[in-house]
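> Take a look at this one; I'll ask things after.
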Amino acid sequence: MNLSVNIGGLKLKNPVITASGTFGYGVEYEEFLDLNQIGAITVKGLSQHPAKGNLPGRIWETPCGMLNAIGLQNIGIDAFIKEKLPELRKYDTKIIANFFGDTIEEYAEAAARLSAAEGIHALEMNISCPNKQAGWIAFGTDPALTEKVVAAARKATELPLIVKLSPNVTSIADMAKAAVDGGADALSVINTITGMAIDIETRRPRLSNIVGGLSGPAIRPIALQMVFQTFKAVKVPIIGMGGIMTGGDAIEFIIAGASAVAVGTANFVNPAASIEILKGIKDYMARHQIDDINTLTGGIIC
Amino acid sequence: MNLSVNIGGLKLKNPVITASGTFGYGVEYEEFLDLNQIGAITVKGLSQHPAKGNLPGRIWETPCGMLNAIGLQNIGIDAFIKEKLPELRKYDTKIIANFFGDTIEEYAEAAARLSAAEGIHALEMNISCPNKQAGWIAFGTDPALTEKVVAAARKATELPLIVKLSPNVTSIADMAKAAVDGGADALSVINTITGMAIDIETRRPRLSNIVGGLSGPAIRPIALQMVFQTFKAVKVPIIGMGGIMTGGDAIEFIIAGASAVAVGTANFVNPAASIEILKGIKDYMARHQIDDINTLTGGIIC
Amino acid sequence: MNRLFTADIVTNEQLDNRYFALQVTPNVAICETLAGQFFMLKSGEFGEYTDPLLLRPFSLASFIHPDDTYPNGLLMFLIDAVGKGTNILKRLPVGTRLNIIGPLGRGFPPVADDERLLIAAGGIGIASVLGLNKMYHGVPLFYGVRSRGQMIECTNSNIQVASDDGSIGDKGSVLALLERHISQLRQSYSGKIKIYACGPHGMYKAMFKMNLDADVYVALETPMACGVGTCLGCAVETTSGLQMVCKDGPVFNLKDIIWGG
Amino acid sequence: MNRLFTADIVTNEQLDNRYFALQVTPNVAICETLAGQFFMLKSGEFGEYTDPLLLRPFSLASFIHPDDTYPNGLLMFLIDAVGKGTNILKRLPVGTRLNIIGPLGRGFPPVADDERLLIAAGGIGIASVLGLNKMYHGVPLFYGVRSRGQMIECTNSNIQVASDDGSIGDKGSVLALLERHISQLRQSYSGKIKIYACGPHGMYKAMFKMNLDADVYVALETPMACGVGTCLGCAVETTSGLQMVCKDGPVFNLKDIIWGG
Ligand SMILES: Cc1cc2nc3c(=O)[nH]c(=O)nc-3n(C[C@H](O)[C@H](O)[C@H](O)COP(=O)(O)OP(=O)(O)OC[C@H]3O[C@@H](n4cnc5c(N)ncnc54)[C@H](O)[C@@H]3O)c2cc1C
Ligand SMILES: Cc1cc2nc3c(=O)[nH]c(=O)nc-3n(C[C@H](O)[C@H](O)[C@H](O)COP(=O)(O)OP(=O)(O)OC[C@H]3O[C@@H](n4cnc5c(N)ncnc54)[C@H](O)[C@@H]3O)c2cc1C
Ligand SMILES: Cc1cc2nc3c(=O)[nH]c(=O)nc-3n(C[C@H](O)[C@H](O)[C@H](O)COP(=O)(O)O)c2cc1C
Ligand SMILES: Cc1cc2nc3c(=O)[nH]c(=O)nc-3n(C[C@H](O)[C@H](O)[C@H](O)COP(=O)(O)O)c2cc1C
Ligand code: FES
Ligand code: FES
């Protein structure tokens, strides 16, 4: 049974990746599961300088989902390289560094700096966080700007460049094309969907940032549809994500067009979720006599 | 306690409306609840000619939500006026006729024909059904076209004109402005969100139409955020909807900026949901000593 | 009389590892029920969580008329725990209050005096025809199961059973038994034969192809949201256009259905 | 030793209409626990439904060490049924299997020999300090409840109770009792006083304002997703920046917290 996939030059032993921001810097989970078994670990979004993030409240549960407005708190690229990466290098898995900047230049610099470090196997460019300010949001919602910022990062790195798309757009296909035109080797679909919740007793928003990003099973049908649209629009491999909780959910994304899947919110519900999802994928392949997971990608019968 | 609201000229005794497509033509529910108690009934989307809709499967449950691709099956405007409207006139509630066309002309003609009938108190223009073909989708996603089609309907009717917006856009604020520029008296926010589901055993989509519209509690945080953005963008009243199940949920939408709320999927879970939601609103107002529901609209404290 | 009511669980009995029998007593008088009708149940009493979201449809397996202990009678459902809603229902303790809509749909049509009735059930489809079995006492019942363990007890002296694994009755399809019975019957009887059947989709398709010398009525299953004909979600293709299983059915004449795919 | 395990419900006892005591026995040996630590519980065993989605954090009220009957010991939680997750937990029958992560967080710091400890609890906050109460036998416990019915039994000869409605102990705030005790203590004792407290947010704010002549440590509650420091969701503002309640806490020095709003 072949589970290995090639995500725009990033070779994974299996298609299960942990999603950025939901698995810390990876090492926090070594007591809960065997990290060597995961296809790749995507670390929390990194920026040039450490970022403090938003004030509390930062998360709120909603029906079958959760809102978060962490505000991209992170220890910064340097600290990551110095403190976390040496730990991660001990594991036989691939490391995807998720990163962002506040300007095109910052994106390029971050990409360059991460590429220089040993033990990072691919970059995932976050242009799609829903709890940043309006100006920043344009990176992930205005195709022309998307192409520009991706092109800048593209020039700054030789590593496989994955661009993470925002679902908060009229046409994910247009955004996907723009990212590919800018030089993306692969696409992550989707980041969280903008949402909010209000405490009716105090009339205050549940999140200090007012709006946040919705993740979890609630968004799965939306994410799946966006993977399907993206698959029809571009040729590069897609990492599907959004509400994947079980092996069956992962298979749904692969059938819709994903070459790999990322597990996000499910890690909170069960720290070993990614291993169970991998097991579920294998069970499905055995049951359906699928020898190579790659043959299932985009295998929807319409 | 004042519960009456004015939705762009449509005066309701209370802010609870049943959402189009989830309450039939109203009369089907008379055995389950006292229709006289509802603020307004929005009937299933009507077109000039009866429409057959999509083939089965038409619905599929998802986590805290459901997908539908009914395909706007309806008995047509004439049959509605002849067979259903006389029944509805017996009730002391307001009737909102939801309608759509396939061209700008059809929208205008439908609006004119419905306006000529006795017992229709407002029109709700559906430009936002996610399971129509790509060309049609533009009515609800391209601001220029939105303004144009709304303007055409506007000319054809004297009734309060409510435009129902699609959530499947980059900026709901821009769409809201376009609809208001076209002449909308009020806005319904939101219609369903595009989604899909796949049967992994057969690899076939669960819906014959492949994609469908996601409704129910799963989408509530997204809908709430869109009501909030719309409220900041335009001055016309907003009917908030998307996953409202309880009085507390309705209050959340009102605090975010809605003048009235519509109850959709909840009617399926409990045919008397709208009455219970109304009761929940009253309880909240009593508990918080709110004399007039209108003072709560947009009352979020940020 | 009300078709929207609460009911309390009186017994919830595990029959095998998947099947269970749920008996509930309504808290108000309910409308008269017909064999073949169904009810929509909320899987649990906790109004706050919404997954599963929609009510689940189940055929009325039997209605026990009001008495002193149960002034509004008892509704019995036979359920196969196949997914999240049914698995929650399976574990609910006695006393749990459920929200219910029903009776819904049109039951099996009445049988005329000059017609001979046969009843056929496949698997959990037995639930839908138990009422018929009681009503038309002694009418032949053809009952197919996967194996002995899945068989629901039903009092009928005229029962013929088949099982996939041969652990009870004939090994193989119950339709073979049915077909044989009809051809025997035809040697002495040339009048109308009616078959009321409930079982999986595959069984219906097979019956359609068999072209049985009888009027066959089947109880269909499709995903449902409202159960009362408003969501238009449970459509089925028939020779006279789309019909709603919840309202126009769930019982249809086999030959009116377009058995695509 | 594992911080991710399943456990089976051994008892689930209703204490009043809101409070219940849940005892579970882990299916594997678990790590050593400290008073003030907590566990995250999935509200139910049904893996398929996802509302409620996230695990719910509960303080360890007591740990009963392994014996022949329970080879991995017994974890006891005291829970107030406030919302959807806790109301589901409340109704789960004995034998239900739960998924659990823990022990999590850092417990109350150790007490030095030259320090005097006082324990304060408000409402369900008693859960978090019951372990302390057992460990530091005879240490004064100040316990505020809404009324007699909400009071959880705890063996302590040195307990002082206050209730909002005066139905048990003093009428009014338990903090008044605590304050009085400290000032009495101060007449004979000038060394360090430590207070370990668990109660509602309002109680902590009041304690902060009272500027008690003692080192006060409080167990905080915030919404949590991961419980292990990775989601960064449970942040709290402290004088030295944002800290994570699940990892850096839940016990914090009262004066380090920025009590905004
Ligand atoms: C009129 C009617 C009568 C029925 N009578 C019985 C009965 O007496 N006993 C019994 O065991 N089952 C009966 N069923 C089938 C039963 O409704 C489904 O097995 C049940 O809804 C599955 O729910 P779940 O949450 O366990 O499964 P899930 O797979 O988790 O459900 C997911 C979604 O699919 C729908 N769904 C899944 N399977 C079916 C199905 N076969 N039919 C309709 N919807 C489905 C569910 O309602 C839900 O919306 C009947 C169905 C209909 C339409
Ligand atoms: C470290 C810690 C220890 C706790 N110990 C106990 C205990 O021993 N006994 C007890 O009864 N309660 C305790 N709580 C509070 C308990 O976790 C909440 O009451 C519970 O999560 C509410 O869940 P729900 O689904 O019933 O409520 P809902 O209101 O339906 O929950 C909605 C969301 O809000 C969150 N939430 C609501 N109230 C709280 C709260 N007070 N703290 C954190 N999150 C909340 C929920 O986790 C959920 O994400 C503790 C909380 C923390 C953080
Ligand atoms: C708490 C939290 C923090 C997140 N942080 C990041 C981040 O730093 N960078 C990023 O690209 N995505 C981030 N995401 C988005 C996830 O990686 C993922 O795209 C999204 O949650 C959808 O997947 P899910 O539904 O499986 O969680 C975050 C999500 C959550 C819930
Ligand atoms: C089965 C179904 C049919 C619908 N049909 C229509 C329709 O004909 N016209 C329309 O404008 N909206 C239609 N809607 C959208 C609803 O009116 C509503 O906007 C949406 O479902 C969100 O609200 P909810 O989450 O409360 O259901 C339909 C929704 C459902 C679930
Ligand atoms: S289930 Fe809604 S129309 Fe049949
Ligand atoms: S709950 Fe996730 S960091 Fe504390």
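> Quick one: if you stick a label point 7 Å off each Cα along the C-beta vector at residue B:31 and residue C:165, how many nm between them?
According to this spin-label approximation, the distance is 4.3 nm.
> Using a 1.4 angstrom probe, figure out how much accessible area the range D:115-256 has per residue, in square angstrom, rounded to the nearest whole. Spell out each step's value before the answer.
Details: 6000 Å² over 142 residues.
That works out to 42 Å² per residue.
> Expressed as a whole number of Å, what is the distance separating the alpha-carbon centroids of the range D:193-261 and the range B:190-209?
For the range B:190-209 versus the range D:193-261, the Cα centre distance is 46 Å.
> Using a probe of 1.4 angstrom, how much of the accessible area of the range B:147-302 is carbon and sulfur, in percent?
On the way: 2270 of 4710 Å².
The C+S portion of the solvent-accessible surface of the range B:147-302 is 48 percent.
> Using the Cα centre of the range C:4-104 as origin and beta-carbon charges of +1 (Lys, Arg) and -1 (Asp, Glu), tell me which of C:49, C:29, C:93 is placed farthest towards the positive end of the dipole.
C:49
> Determine the total buried accessible area between chain A and chain B, counting protein heavy atoms only with a 1.4 Å probe; round to the nearest 100 Å². It would help to have the intermediate numbers written out before the result.
Numbers: alone 12750 and 12740 Å², together 21620 Å².
What A and B bury together is about 3900 Å².
> Using the Karplus curve 6.51 cos²θ - 1.76 cosθ + 1.60 with θ = phi - 60°, what ³J(HN,Hα) values do you get for each residue of the range A:30-41, in whole Hz, with x for Gly and Pro?
Karplus-based 3J(HN,Hα) across the range A:30-41 equals 4, 6, 9, 7, 8, 4, 5, 7, 7, x, 7, 10 Hz.
> Another question, if that's okay. Per-residue mean of other chain beta-carbon atoms within 10 angstrom of the beta-carbon, peptide D:235-242?
Working: counts 12, 2, 2, 0, 0, 0, 1, 7.
Averaged over the peptide's residues, the number is 3.
> Grab chain D and count how many Lys pairs have their alpha-carbon atoms under 15 Å apart, sequence gap of 8 or more, or different chains. Please report the intermediate quantities before stating the final value.
Values: D:42/D:84; D:42/D:90; D:194/D:255; D:205/D:255; D:209/D:255.
Lysine pairs, 8 or more places apart or on different chains, close enough: 5.
> Shifting gears a bit: Accessible area drop of at least 20 Å² (1.4 Å probe, protein heavy atoms): which residues of the range D:95-143 qualify, relative to the chain alone?
Buried by the other chains: D:101.
> Next up: Using a 10 Å cut-off around each Cβ of peptide D:196-205, what is the average number of partner chain Cβ atoms that fall inside?
If you average over the peptide's residues, the count of other-chain Cβ atoms is 0.
> Now for a separate question. For the range A:111-216, which GluC sites (Glu not before Pro) pass both filters: DSSP loop (anything but H, G, I, E, B) and at most 14 other C-beta atoms within 10 Å? Write down the numbers at each step before the final one.
Details: sites: A:118, A:124, A:147, A:158, A:201; in loops: A:118, A:158, A:201.
Counting only loop positions with at most 14 other Cβ atoms within 10 Å, the GluC sites (Glu not before Pro) in the range A:111-216 are A:118, A:158, A:201.
> Look at the axis of the rotation that sends chain D onto chain C, then give the chain D residue with the nearest Cβ and the distance in whole Å.
Here the value is D:51, 2.
> OK, next. Listed highest first by mean packing, meaning other Cβ atoms within 10 Å per residue, what order do C:162-171, D:181-190 come in?
Taking the mean over residues of other Cβ atoms within 10 Å, the ranking is C:162-171, D:181-190.
> Now for a different question. Compute the FRET efficiency between residue C:184 and residue A:302 as 1/(1 + (r/R0)^6), taking r as their Cβ-Cβ distance and R0 = 60 Å, and round to the nearest 0.05. Please list the in-between numbers first.
On the way: r = 47 Å, r/R0 = 0.78.
FRET efficiency, residue C:184 to residue A:302: 0.80.
> Of all DSSP beta bridges located in chain B, what percent are antiparallel, nearest 5? Let's see the in-between values first.
Working: 16 of 43 bridges.
Restricted to chain B, the bridges split so that about 35 percent are antiparallel.
> Also, quick follow-up: Quick one: Kirkwood hydrodynamic radius for the range D:40-194, alpha-carbon pairs, angstrom, one decimal? Kindly include the intermediate steps, with their values, before the conclusion.
Values: mean 1/r = 0.0562 Å⁻¹.
One over the average 1/r among Cα pairs gives 17.8 Å for the range D:40-194.
> May I pose another question? Using a 10 Å cut-off around each Cβ of peptide B:164-177, what is the average number of partner chain Cβ atoms that fall inside?
Numbers: counts 0, 0, 1, 3, 8, 4, 12, 5, 2, 0, 1, 1, 0, 0.
Other-chain Cβ atoms within 10 Å of each residue's Cβ, averaged: 3.
> Can I ask one more? Highest mean first, how do C:133-139, A:185-191, C:85-91 rank when packing is the count of other Cβ atoms within 10 Å averaged over residues? Walk me through the numbers on the way to the answer.
On the way: C:133-139: 15.7, A:185-191: 27.4, C:85-91: 20.7.
Packing proxy ranking, top to bottom: A:185-191, C:85-91, C:133-139.
> Taking 7 Å along the Cα-to-C-beta vector as the label spot, tell me the residue D:153-residue C:211 distance in nanometres, rounded to one decimal.
7.9
> Under the classification rounded if a/c is under 1.5, otherwise prolate if a/b is larger than b/c and oblate if not, where does chain B fall, given a ≥ b ≥ c as square roots of the Cα gyration tensor eigenvalues?
Details: a/c = 1.25, a/b = 1.16, b/c = 1.08.
Note, shape of chain B comes out rounded.
> Now for a separate question. Set Lys and Arg Cβ to +1 and Asp and Glu Cβ to -1, take the dipole of the range D:115-256 about its Cα centre, and tell me which of D:173, D:230, D:220 lies farthest positive.
Toward the positive end, the furthest listed residue is D:173.
> Follow-up question, since we're still on this one. Suppose you put the label 7 Å out from Cα in the Cβ direction; list, shortest first and in nm with one decimal, how far residue D:15 is from each other copy's label.
Between copies, matching label points for residue D:15 lie 4.3 nm apart.
> If Lys and Arg each add +1 and Asp and Glu each add -1, what is the summed charge of the other residues whose beta carbon sits under 11 Å from the beta carbon of residue C:207? If you can, show how the numbers build up before the last one.
Working: positive: C:205, C:209, C:255; negative: C:179.
Local charge sum for residue C:207: +2.
> Considering all projection directions equally, how large on average is the shadow of the alpha-carbon convex hull of the protein assembly as shown, in square nanometres?
Working: hull surface 186.9 nm².
Hull-based average projected area comes out at 46.7 nm².
> If r is the Cβ-Cβ distance from residue C:82 to residue B:49 and R0 is 41 Å, what FRET efficiency results, to the nearest 0.05?
On the way: r = 40 Å, r/R0 = 0.98.
With a Förster radius of 41 Å, E is 0.55.
> What are the distances, in nm and sorted shortest first, from the label point of residue B:2 to the label points of the same position in each other copy, with each label point placed 7 Å from Cα along the Cα-to-Cβ direction?
7.2
> Going by Cα centres, the range C:69-87 and the range A:255-302 are how many Å apart?
Measuring centre to centre over Cα atoms gives 35 Å.
> At the nearest 100 Å², what buried accessible area, both sides summed, do you get for B and C when the probe is 1.4 Å? Write out the running numbers ahead of the final one.
Numbers: alone 12740 and 12590 Å², together 22970 Å².
By this definition, chains B and C bury close to 2400 Å².
> Separate question: Quantify, in whole percent, the carbon and sulfur part of the accessible surface of the range D:1-117 (1.4 Å probe; protein heavy atoms only). Each step should come with its number before you reach the end.
Working: 2380 of 4780 Å².
Answer for the range D:1-117: carbon and sulfur cover 50 percent of the accessible area.
> Follow-up question, since we're still on this one. Which distances, shortest first and in nm, link residue A:116 to the matching position in the other copies, using label points set 7 Å out along Cα to C-beta?
The projected label point of residue A:116 is separated from its counterparts by 7.6 nm.
> Then there's this: How far apart, in nm, are the 7 Å Cα→Cβ label points at residue B:174 and residue C:48?
4.1
> Kindly state, to the nearest 0.05, the FRET efficiency for residue C:176 paired with residue D:28, given R0 = 35 Å and r defined as their beta-carbon distance. Spell out each step's value before the answer.
Values: r = 52 Å, r/R0 = 1.48.
For R0 = 35 Å, the calculated efficiency reads 0.10.
> If you consider only alpha-carbon coordinates, what radius of gyration and Dmax does the range B:34-75 have, in Å?
Using the Cα atoms of the range B:34-75, the pair Rg, Dmax is 13.8, 35 Å.
> Which value in deg cm²/dmol, rounded to the nearest 500, describes the helix-derived mean residue ellipticity at 222 nm for the protein assembly as shown, given -39,500 (n - 2.57) per DSSP H run of n ≥ 4 and division by the residue count? Write out the running numbers ahead of the final one.
On the way: 26 runs with 260 residues, N = 1126.
Value at 222 nm, helices only: -7000 deg cm²/dmol.
> Okay, moving on. How many Å³ per residue does the convex hull of the Cα positions in the range C:116-261 occupy? Don't skip to the answer; put the middle values down first.
Details: hull volume 17.8 nm³, N = 146.
Convex hull of Cα atoms, per residue: 122 Å³.
> Exactly which GluC sites (Glu not before Pro) in the range D:84-193 are in a DSSP loop and have at most 15 other Cβ atoms within 10 Å?
Values: sites: D:115, D:153, D:179; in loops: D:153.
Qualifying residues, ordered by number: D:153.
> What residues of the range B:6-31 lose no less than 40 Å² of accessible area with every protein chain in place versus their chain by itself (probe 1.4 Å, heavy atoms only)?
At a threshold of 40 Å² (probe 1.4 Å), the residues of the range B:6-31 that become less exposed are B:31.
> Note every residue of the range C:206-229 with a reduction of at least 30 square angstrom in accessible area, all protein chains present versus the isolated chain, computed with a 1.4 Å probe, or write none.
Buried on complex formation: C:223, C:225, C:228.
> Sum up the charges of everything whose Cβ sits under 9 Å from the Cβ of residue B:47, counting Lys and Arg as +1 and Asp and Glu as -1, but leave residue B:47 out.
On the way: positive: none; negative: B:102, B:106.
So the surrounding residues net to -2.
> What whole-number value in Å² describes the accessible area per residue of the range B:1-85 for a 1.4 Å probe? Intermediate results must be reported in sequence, preceding the final value.
Details: 2660 Å² over 85 residues.
Spelled out: the 1.4 Å probe surface of the range B:1-85, per residue, equals 31 Å².
The values are calculated or read from the model by the stated rules, or taken from the named source; none is laboratory data. Predicted, not measured: the structure shown is a model, and the values here were computed from it. All Cβ positions, glycine included, derive from the backbone under ideal geometry; neighbour counts span all protein chains shown. Remember, those area values only see protein heavy atoms, side chains included, never the ligands or the DNA or RNA. Shrake-Rupley method; radii C 1.70, N 1.55, O 1.52, S 1.80 Å.
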